[in-house]
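*Asks:* Structure below; questions to follow.
The values are calculated or read from the model by the stated rules, or taken from the named source; none is laboratory data. If you're wondering where the values come from, they're calculated on a predicted model, not measured in any experiment. Cβ placement follows ideal geometry from the backbone for every residue including glycine, while neighbour counts extend to all protein chains displayed. SASA here: full protein model, heavy atoms, side chains in, ligands and nucleic acids out. Shrake-Rupley method; radii C 1.70, N 1.55, O 1.52, S 1.80 Å.
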Amino acid sequence: MSPWLRVLREGQQPRARLVCLPHAGGSASFFRPWLALLPGDIDLLAVQYPGREERFNEAHVPCLATLAEHITQALLALPARPLLLFGHSMGAALAYAVGVQLEAVGRGAAHVFVSAHAPPHRQPPSDLHRQDDATLIADILRQDAQAASLWANPQLRALFLPTLRSDYQAIETWSPTELKRLTAPIDVLLGREDTEVSLEQACAWADLSHHATDIRLFQGDHFYRKQQPRPVIDHLLQRVANLPQEALL
């Protein structure tokens, strides 16, 4: 198995494969709690970016297009299964980029879920990756106040800040020259109290799919999926149940 993918569960004859792409600074283990909420016939994999957990000693990749290429190649090496892509925040941008690359070689996802992020053509300009540590940490805490204890620890801050800065650079410098519509349906998931992404921005994902885009709002802020995992999983399972029969073959 590629180091880009962490297998959280893999069965013999799964109905579908759910691949989750973490947020900036996030890691594959953020999705481990989902195991308890998913039925056993859905495989759960999470993308592991370099520079964290078991890949801690690997060089960061501060380029979203390069990240997407590596993830796509890792997925193409797997046996064909109905594929669901779920990306949160930076992971949402990657889910779209990976979805485009998979469709280009005839292995497109059955469904793409983009969570808590604006589409690339509505992403506001930002250069936080160029700012000093205090400014970058302040932005993190604005989105996730519960992380205050981690960033207050000098040793942990020194460990994790380079990873986060690299991820910020990847998403802030991503500017695809061509925006392609996905054949796969796109669902947009958003916390009602998310101050990072407006409903207007979320609705603009409709420009990037040939299907009508479903917008779902959940209680919580930018990290609503951590606060309210079961409603999110219930929505994903509803989509699996509604997949066309040919997508499950």
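*Asks:* How many residues, within the stretch 117-139, are within 19 Å of PHE223 (Cα to Cα) and in contact with a helix residue (DSSP H, G or I) (Cβ under 6 Å, 6 or more places away or on another chain)?
*Replies:* Here the count works out to 6.
*Asks:* Now for a separate question. Within the stretch 76-90, can you find the residues that are outside any strand (DSSP E or B) and either among the small types (Gly, Ala, Ser) or surrounded by 20 or more Cβ atoms within 10 Å (Cβ to Cβ) (or both)?
*Replies:* ALA77, ALA80, PRO82, SER89, MET90
*Asks:* How about the stretch 91-118: which of its residues are assigned to a strand (DSSP E or B) and not hydroxyl-bearing (Ser, Thr, Tyr)?
*Replies:* If the condition is that a residue be assigned to a strand (DSSP E or B) and not hydroxyl-bearing (Ser, Thr, Tyr), then HIS111, VAL112, PHE113, VAL114 are the ones that fit.
*Asks:* Would you mind telling me which numbered condition in (1) more than 19 Å from the chain's Cα centre (by Cα); (2) on the phi > 0 side of the Ramachandran plot; (3) surrounded by 18 or more Cβ atoms within 10 Å (Cβ to Cβ) TRP151 fails?
*Replies:* (2)
*Asks:* Just to be sure I understand, how many residues within the stretch 119-140 are part of a helix (DSSP H, G or I) and open to solvent by 60 Å² or more (accessible area, probe 1.4 Å)?
*Replies:* Total meeting the criteria: 5.
*Asks:* Here's a follow-up. Among the numbered criteria (1) under 23 Å from ALA104 (Cβ atoms); (2) touching a strand residue (DSSP E or B) at 6+ places or on another chain (Cβ under 8 Å); (3) not in a helix (DSSP H, G or I), which single criterion is violated by ILE71?
*Replies:* (3)
*Asks:* Which pairs turn up if I take residues in the stretch 86-110 that are more than 16 Å from LEU5 (Cβ to Cβ) and look for partners that are open to solvent by 10 Å² or more (accessible area, probe 1.4 Å) and assigned to a strand (DSSP E or B) with beta carbon separation below 9 Å, at least 6 apart in sequence or on another chain?
*Replies:* GLY108/LEU83; ALA110/LEU83
*Asks:* Continuing with this model, one more query. Given the criteria open to solvent by 10 Å² or more (accessible area, probe 1.4 Å), touching a Leu at 6+ places or on another chain (Cβ under 9 Å) and closer than 19 Å to ALA184 by Cβ, does ALA93 qualify?
*Replies:* Criteria not met by ALA93.
*Asks:* Next question, about the same structure. Taking only the stretch 147-186 into account, find how many residues are out of contact with any helix residue (DSSP H, G or I) (no Cβ under 7 Å at 6 or more places or on another chain) and among the acidic types (Asp, Glu).
*Replies:* Within the stretch 147-186, residues that are out of contact with any helix residue (DSSP H, G or I) (no Cβ under 7 Å at 6 or more places or on another chain) and among the acidic types (Asp, Glu) number 1.
*Asks:* Still on this structure, please answer the following. Look at GLU53 and say whether it is more than 21 Å from PRO185 (Cβ to Cβ) and touching a Pro at 6+ places or on another chain (Cβ under 7 Å).
*Replies:* No; evaluated as a whole, the condition is false for this residue.
*Asks:* Being open to solvent by less than 70 Å² (accessible area, probe 1.4 Å) and assigned to a loop (DSSP other than H, G, I, E, B) is the filter; apply it to the stretch 166-176 and report the residue that is farthest from ALA92 (Cα to Cα).
*Replies:* Restricting to residues being open to solvent by less than 70 Å² (accessible area, probe 1.4 Å) and assigned to a loop (DSSP other than H, G, I, E, B), the top hit is PRO176.
*Asks:* So which of ALA68, ALA109, ALA80 ends up being at pLDDT below 95 and out of contact with any Pro (no Cβ under 8 Å at 6 or more places or on another chain)?
*Replies:* Within the list ALA68, ALA109, ALA80, the selection yields ALA80.
*Asks:* Further, regarding this structure: Scanning the stretch 177-236 for residues that are open to solvent by less than 40 Å² (accessible area, probe 1.4 Å) and assigned to a loop (DSSP other than H, G, I, E, B), which turns out farthest from TYR96 (Cα to Cα)?
*Replies:* Taking the candidates together, the pick is GLY220.
Here is a yes/no grid of residues against (1) of a type in the set (Asp, Glu); (2) open to solvent by less than 20 Å² (accessible area, probe 1.4 Å); (3) touching a residue at least 12 places away in the same chain (Cβ under 8 Å); (4) out of contact with any His (no Cβ under 7 Å at 6 or more places or on another chain):
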site: ALA24; (1), (2), (3), (4): no, no, yes, yes
site: ARG32; (1), (2), (3), (4): no, no, yes, yes
site: LEU38; (1), (2), (3), (4): no, yes, yes, yes
site: LEU45; (1), (2), (3), (4): no, yes, yes, yes
site: GLN48; (1), (2), (3), (4): no, yes, yes, yes
site: GLY51; (1), (2), (3), (4): no, yes, yes, no
site: PHE56; (1), (2), (3), (4): no, no, no, yes
site: VAL61; (1), (2), (3), (4): no, no, yes, yes
site: LEU67; (1), (2), (3), (4): no, yes, yes, yes
